[in-house]
1. Using a ≥ b ≥ c from the Cα gyration tensor of the chain (square roots of the eigenvalues), is it rounded, prolate or oblate, where a/c under 1.5 gives rounded and otherwise the larger of a/b and b/c decides, a/b for prolate?
2. Carbon and sulfur together cover what percent of the accessible area of the chain at a 1.4 Å probe radius?
3. With unit charges on the beta carbon (Lys/Arg positive, Asp/Glu negative), name the residue among 158, 39, 239 whose Cα is farthest towards the positive pole of the charge dipole of the chain.
4. For the chain, list the cysteines whose Cβ sits under 4.7 Å from no other cysteine Cβ?
5. Over the chain, average the accessible area per residue using a 1.4 Å probe and give it in Å², no decimals.
6. Are there chymotrypsin sites (Phe, Trp or Tyr not before Pro) in region 95-172 that DSSP puts in a loop and that have at most 12 other Cβ atoms within 10 Å, and which ones?
7. Helix 25-53 sits at what angle to the longest principal axis of the chain, using alpha carbons and giving 0 to 90 degrees rounded to 10?
8. Using only the alpha-carbon atoms, how far is helix 112-122 inclined from the longest principal axis of the chain? Give it as 0 to 90 degrees, nearest 10.
Amino acid sequence: MYFVLDLICVMILAASVVRFWQHAVSHVLFKCLCAAISLTVAATAGAPLAQMLSERWTVPYTEKKAAADLGEILNGTREEQTEQIAFDGLPDLMRRKPTPYLEWLGRYGATPEQVQEAYAAERSAQAMVRAVVYDYAFRLTRGAVYVLLWLAVFLLCGWAVRRVEWNMTEAPPRRGLRRLWAPLSGLLYGVLMVMSLSLFLEWVIPAVSGDSAIWSADMLTKGTIYPILRQINPFIRLYFS
């Protein structure tokens, strides 16, 4: 499915060029500034907020659900209260690695080796379950916080830009090669939008790939257009290199 990302990238770039073809260059550059500020603020400010939300809500909720699923695999019955679940057979389950257990691990993108190390360190079922779900829960939280912050900052920047443009004198029509400045600026805007989208995908797709037949982590590295734009995204180098 990696070609889908390439197609989405091409559509975003082409739509940005067409949309801003006849606009004033200043307007397009203001939109680029909004996209750049939104990307920067959402990527940096979202980290501590996502960490707090993940530790306080997302991870505990996901732990509870995962523990209930694991208890059902172990005992054949489902208990919603984790303190009522018997985890006595957990060492044997990790040794045998039956298909339901491997599917449970795959749902959260964990490996048997990671789980065995976590369990061996503390001899605790709770520590084992937390090791399974932590990265999954954090990635989903990080992606959600990023999107909300990006939208909030982008709308705020757009409002500020409109206030500035109301007091600007309309530029005269450009002729000749100078007419290309607007669509080229639109292309830059499209690149920034793809970079904004790619950062969200880098957090979310690896988390959901274990429980999805459509989304795969390979989508982020294969293809042609998306990997190029991925390489020039400084925030991907910062958070995922």
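1. Taking the square roots of the gyration eigenvalues as a ≥ b ≥ c, the chain is prolate.
2. Working: 8500 of 13720 Å².
Result for the chain: 62 percent of the exposed heavy-atom area is carbon or sulfur.
3. Going by the Cα projections, it comes out as 158.
4. 9, 32
5. Each residue of the chain exposes 57 Å² on average to a 1.4 Å probe.
6. On the way: sites: 101, 104, 108, 119, 134, 136, 138, 146, 150, 154, 159, 166; in loops: 108.
Within region 95-172, no chymotrypsin sites (Phe, Trp or Tyr not before Pro) qualify (loop, at most 12 other Cβ atoms within 10 Å).
7. That helix lies at roughly 20 degrees to the long axis.
8. Helix 112-122 sits at roughly 60 degrees to that axis.
The values are calculated or read from the model by the stated rules, or taken from the named source; none is laboratory data. These numbers come from a predicted model, not from an experiment. Backbone-built Cβ (ideal geometry, glycine too); neighbour counts: all protein chains shown. The protein model used for the area step is the full one, side chains on, heavy atoms only, and it has no ligands, DNA or RNA in it. Shrake-Rupley method; radii C 1.70, N 1.55, O 1.52, S 1.80 Å.
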